[in-house]
Amino acid sequence: MIGLGLVGGSISLGLRARGWHVQGTDLDPTRVEQALQRKVIDAVGLDPASEITFVAVPVRAVASAVEEALRRTDGLVTDVASVKGPVLAAVDSPRFIGGHPMAGSELEGLDGADADMFTGAVWVVTPTATTDDASLARLAAIVSDLGAEMVALEAERHDALVAVVSHVPHLTAATLMRVADERANEHAALLRLAAGGFRDMTRIASGHPAIWPDICFENKSAIVAGLDALIAGLSEMRTAVTDTNRDQLLRYLEQARQARANLPSRGVRPEILSEVRIPIPDRPGMIAEVTMLAAELGVNLSDIEVAHSAEGDRGVLILLVETDRTELFRGGLLARGYRPAISRLQ
């Protein structure tokens, strides 16, 4: 583990709870000592024979830390940064897979580290055409063991989507909180009136501020596009209110309500899953292609396994997906030349 902050500490705790031996480093020697004392890690440093190294450092430092991990270890390397484009542009290795667990805490550093932080979370990976399939399958297994659902996306698509669902909401919450704070100087009772809805909407503004300038600058184009869309949407709302346009305002609110109701729920029961077996050539990029197709189609992958053929150059990719999405997935696979076999678990 390179970086023993909130996310790095949580991954370390999660792995140790599942029987892994975890070594770690951090630029802050005090934090390293705390990690040892709190049994977040077993030992200090990087093990050259480590199976996987997680890089959990600020966005600007990710590329150099990944390159260091690739030099000093022989296993898989992944990171946890919320911006992927710059890292993938700087690092080209079949042993590196970009990653982003979409989970966190209002607490900072090791004080907020939690072995169960990733239970039910989405963990995005950004494989490329050169990604080693065995490494991707292994990372998927580790992510699943930590309780998360893996979603594969291209780096650029990840950055555009995360700008909308994470980066822009954080900046929006921070702005709303600033407006309320400035109004509170005029009206002492204002913040005392802040009830559940306001607190829920602005909760993410309590996150650690120091990480956000780098995130915003590294993902500037996508964030600016997201802010422009938000400003345009707010302008439409403003016009509807200004013009006393009840019908238009109701349409906006109903659309938002319906979209909110359609957000995917967490947790998939085995009885609604099907197994999808896909023969694949034994060459790099096959798993990445299939998993990114699943993400494009909105098909959640509950498990990933590769069964290699004892002879020849073919294998079988085994996926668990929700039964009601299998026909859509089958169509997408057939269109790309795959021949899937699908069977219900129960």
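Descriptive notes on the structure:
- Any hit, the range 76-90, residues being surrounded by 17 or more Cβ atoms within 10 Å (Cβ to Cβ), of a type in the set (Ser, Thr, Tyr) and outside any helix (DSSP H, G or I): yes
- Matching residues in the range 159-179 - criterion: being of a type in the set (Gly, Ala, Ser), in contact with a helix residue (DSSP H, G or I) (Cβ under 8 Å, 6 or more places away or on another chain) and under 26 Å from Ala295 (Cβ atoms): Ala160, Ala163
- Criterion (more than 19 Å from the chain's Cα centre (by Cα) and free of Cβ contacts under 8 Å to residues at least 12 places away in the same chain) met by exactly one of Leu36, Leu46, Leu70: Leu36
- Residues in the range 89-108 that are more than 24 Å from Gly9 (Cα to Cα) and of a type in the set (Ser, Thr, Tyr): Ser93 only.
- Residues satisfying the stated conditions in the range 91-138, i.e. in contact with a Phe, Trp or Tyr (Cβ under 6 Å, 6 or more places away or on another chain) and either hydrophobic (A, V, I, L, M, F, W, C) or in a helix (DSSP H, G or I) (or both): Ala103
- Condition check for Ala49: of a type in the set (Gly, Ala, Ser) and part of a helix (DSSP H, G or I): no
- Enumeration of residues in the range 1-29 that are among the hydroxyl-bearing types (Ser, Thr, Tyr) and touching a Gly at 6+ places or on another chain (Cβ under 7 Å): Ser12, Thr25
- Scanning the range 224-241 finds one or more residues that are of a type in the set (Ser, Thr, Tyr), more than 16 Å from Val168 (Cβ to Cβ) and either loosely packed, with under 14 Cβ neighbours inside 10 Å or touching a Pro at 6+ places or on another chain (Cβ under 8 Å) (or both).
- Subset tally (residues that are more than 14 Å from the chain's Cα centre (by Cα) and not in a helix (DSSP H, G or I)) for the range 56-67: 2
Quick note: the coordinates plus some simple rules give every number you see, no bench work behind them. Keep in mind that this is a model prediction, so the values were computed, not measured. Using ideal geometry, Cβ is built from the backbone for each residue, glycine included, and neighbour counts are taken over all protein chains shown.
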